[in-house]
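In what follows, a single structure is set out as structure tokens and then discussed.
The values are calculated or read from the model by the stated rules, or taken from the named source; none is laboratory data. On a predicted model such as this, the values are computed, not experimentally measured, just so you know. When we count neighbours, we look across all protein chains shown, and the Cβ atoms used for this are built from the backbone with ideal geometry, even at glycine. Quick note on the areas: whole protein, heavy atoms, side chains included, nothing else; ligands and nucleic acids left out. Shrake-Rupley method; radii C 1.70, N 1.55, O 1.52, S 1.80 Å.
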Amino acid sequence: MEHGQSTMERLCESWVREDLGTRWRVFGLAFGVALLFALFTNHIWEDYYITFRASLNLASGKGLVFTEGQRVHSFTSPIGVLLPALLSFVTGNSSEILALWLFRLACCGALGLAASVVWQVGRLEKLGAPAAALVLGMLA
């Protein structure tokens, strides 16, 4: 590695060279913690259902609106409304709970990927394993 490389350049290079097993373990741990939380609490934020109403309208061809015919911006995040709309559409708009669980799985995967990248950056920046684990704990 050259001294003048950015963290992103070093991350890309090390991603290929470093141990894949460790990254999978970090991914699996973060994914598993998030999934277990969802399974045990079954907590659903009310904001999800507000956003999901717009997602359902989009998936069913009524447009990205809260109430058909009224142009109101009712969601907080484009990906937070478009991904559930896609998942609802893929399931044929048949089950709100199925779309929710697919969304949860996608979010668990995103958290796992973020955790593995954070772990890799920590290793590149010469953080010790305890410090890297602390950062991951704060992320999770």
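Summary of computed values
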| read-out | value |
| --- | --- |
| Near pairs, Cβ below 6 angstrom, 6+ apart or cross-chain, from region 60-73 (without any contact (Cβ under 8 Å) to a residue 40 or more places away in the chain) to any residue that is in a loop (DSSP other than H, G, I, E, B) and surrounded by 12 or more Cβ atoms within 10 Å (Cβ to Cβ) | SER60/ASN93; PHE66/SER74; GLU68/LYS62; VAL72/PHE66 |
| Whichever residue in region 78-93 is open to solvent by 40 Å² or more (accessible area, probe 1.4 Å) and under 18 Å from the mean Cα position of the chain (by Cα) and, among such residues, is farthest from LEU39 (Cα to Cα) | PRO78 |
| GLU96 being open to solvent by 40 Å² or more (accessible area, probe 1.4 Å), touching a residue at least 24 places away in the same chain (Cβ under 8 Å) and of a type in the set (D, E, K, R) | yes |
| Among (1) at pLDDT 90 or above; (2) open to solvent by less than 50 Å² (accessible area, probe 1.4 Å); (3) of a type outside the set (Val, Ile, Thr) - the single one SER74 does not satisfy | (1) |
| Any chance ARG104 is surrounded by 14 or more Cβ atoms within 10 Å (Cβ to Cβ), over 30 Å from SER60 (Cα atoms) and in contact (Cβ under 8 Å) with a residue 60 or more places away in the chain | no |
| In region 36-64, the residues that are outside any helix (DSSP H, G or I), touching a Leu at 6+ places or on another chain (Cβ under 8 Å) and open to solvent by less than 60 Å² (accessible area, probe 1.4 Å) | ILE44 |
| Condition met for ARG10 (part of a helix (DSSP H, G or I), out of contact with any Ser or Thr (no Cβ under 7 Å at 6 or more places or on another chain) and modelled with pLDDT under 90) | yes |
